[in-house]
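Data first, discussion second: the structure below is written as structure tokens.
The values are calculated or read from the model by the stated rules, or taken from the named source; none is laboratory data. Please read these numbers as outputs of a predicted model, since none were measured by experiment. Reconstructed Cβ throughout: ideal geometry from the backbone, glycine too, with neighbour counts over all protein chains shown. Heavy atoms of the whole protein, side chains included, go into the accessibility calculation; ligands, DNA and RNA do not. Shrake-Rupley method; radii C 1.70, N 1.55, O 1.52, S 1.80 Å.
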Amino acid sequence: MDRNHEPRVVVLRWSRHPSCVGPARLELRKALAGWGLAALEDSAVLVLSELLTNAGRHARVSPGREIETRYVADPAGLRIEVHDASPDKPEQRMPDLDACDGRGLVLVAALADRWGVGDRNGPGKVVWAEWSYVPPRPSAPDSPPPSGAAQ
């Protein structure tokens, strides 16, 4: 990613239907590739899936209300936001070992550098996850292995 640019933002709106998760992941993949952040794709796509699925499943809001996603890349890193009109804030919990659900926010916490919940303009909340940008290390061409290293 060119670290001298202003933040890049993709804002999209989705219905609460589970079929929207796949297209949202595709849009995130396209944005990450365009921003040179494909290295974050696996983690970011899984986190988006969890946050968007939670919003669709648990955000009990008026018909016609949509869920908004924001993908933001700036020199500091990547931020994914999922906005919904429900005031109910998600809480990470340890699921029962036999449960079929309840692991989403555990995955989000494990995959993102940071995550949280905040207020937004208007009704509802925003649930977000962030990754810090770490530029790839340049490798020295044909450098010898450190002394004592196995060859």
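For the range 1-38, the set of residues classified as of a type in the set (A, V, I, L, M), in contact (Cβ under 8 Å) with a residue 12 or more places away in the chain, within 20 Å of Gly77 (Cα to Cα) and in a helix (DSSP H, G or I) consists of Ala24, Leu28, Ala31, Leu32, listed by residue number. Residues of the range 111-151 that are hydrophobic (A, V, I, L, M, F, W, C), in a loop (DSSP other than H, G, I, E, B) and either modelled with pLDDT of 65 or more or under 24 Å from Leu78 (Cβ atoms) (or both): Ala112, Val134. Put simply, of Leu28, Leu46 the only residue that is among the hydrophobic types (A, V, I, L, M, F, W, C), under 18 Å from Glu130 (Cβ atoms) and open to solvent by less than 20 Å² (accessible area, probe 1.4 Å) is Leu28.
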